[in-house]
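Remarks on the structure that follows.
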């Protein structure tokens, strides 16, 4: 039987790239929230098992884990990818609590507590791997989307906590920290980023693609980093480097 992977937010963007890569070796349970058309095209392309799931919902998270348990009996890899940006970029002095709460529910509470459920299963199973997809916004400030930065910074701590807690159970936990990746999330500001990249923002001189993130997940899925639990993998074209 193939290894089983859950990839949240897999219908588009980074999640879709990850699901397509993992489908070569894993049975992929791919979640989507609203875009069933995109999820169905993913399933048609790689055979993924698509499940509608709002990761911010307790009942949806429980239903997702139960679906995996009832249909496959094991879980080898969880990729916490689902995430959202603010509906509107606003200066942090004008941003709303409603936007803050919405992002925290999806970007932080959802993956944190989905991982709690998956962790119990993996610990009992005696093995597993967990990936959190965060962002360079975990440390790089953007004052016009403060709620996004706060959610990703907190999620980064969730990675460290789970890595410590699960190490003795042979469950490895990793953070993949993408940089500027060409997805729908940045479509409205893509040209702004391209201009900054041309001006030298990224040492490697190009915007990232979903496939760049998928390759990092592949290394984890293949067990190449099993002695590196808690590691942060920067997939950002060198953005994290500091130079004088």
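For the range 42-84, the set of residues classified as surrounded by 15 or more Cβ atoms within 10 Å (Cβ to Cβ) and in a helix (DSSP H, G or I) consists of 42, 43, 46, 60, 61, 64, 65, 67, 68, 72, listed by residue number. Hey, any hits in the range 192-211 for a residue that's closer than 30 Å to residue 4 by Cβ, more than 13 Å from the chain's Cα centre (by Cα) and not in a strand (DSSP E or B)? Yes - at least one qualifying residue is present in the range 192-211. Per this entry, residue 6 is counted among residues that are touching a helix residue (DSSP H, G or I) at 6+ places or on another chain (Cβ under 8 Å), in a strand (DSSP E or B) and either within 21 Å of residue 114 (Cα to Cα) or in contact (Cβ under 8 Å) with a residue 12 or more places away in the chain (or both).
Would a scan of the range 86-96 turn up a residue that is within 19 Å of residue 122 (Cβ to Cβ) and buried (at least 16 other Cβ atoms within 10 Å of the Cβ)? No, the range 86-96 contains no residue that is within 19 Å of residue 122 (Cβ to Cβ) and buried (at least 16 other Cβ atoms within 10 Å of the Cβ).
Contact annotation: residue pairs with Cβ atoms under 9 Å, 6 or more positions apart or on different chains, pairing a residue in the range 202-228 that is without any contact (Cβ under 8 Å) to a residue 12 or more places away in the chain with a partner that is part of a helix (DSSP H, G or I), are 224/218.
Return the residues of the range 95-121 that are more than 16 Å from residue 64 (Cα to Cα) and in a helix (DSSP H, G or I); say none if nothing qualifies.
97, 98, 99, 100, 101, 102, 103, 104, 105, 107, 108
Take residue 26 and decide whether it is touching a helix residue (DSSP H, G or I) at 6+ places or on another chain (Cβ under 8 Å) and surrounded by fewer than 20 Cβ atoms within 10 Å (Cβ to Cβ). Criteria met by residue 26.
Just so you know, all these numbers are worked out from the coordinates, no wet-lab data involved. Just so it is clear, the structure is predicted and the values come from calculations on it, not from any experiment. FYI the Cβ positions are ideal-geometry reconstructions off the backbone, even for glycines, and counts take in every protein chain you see.
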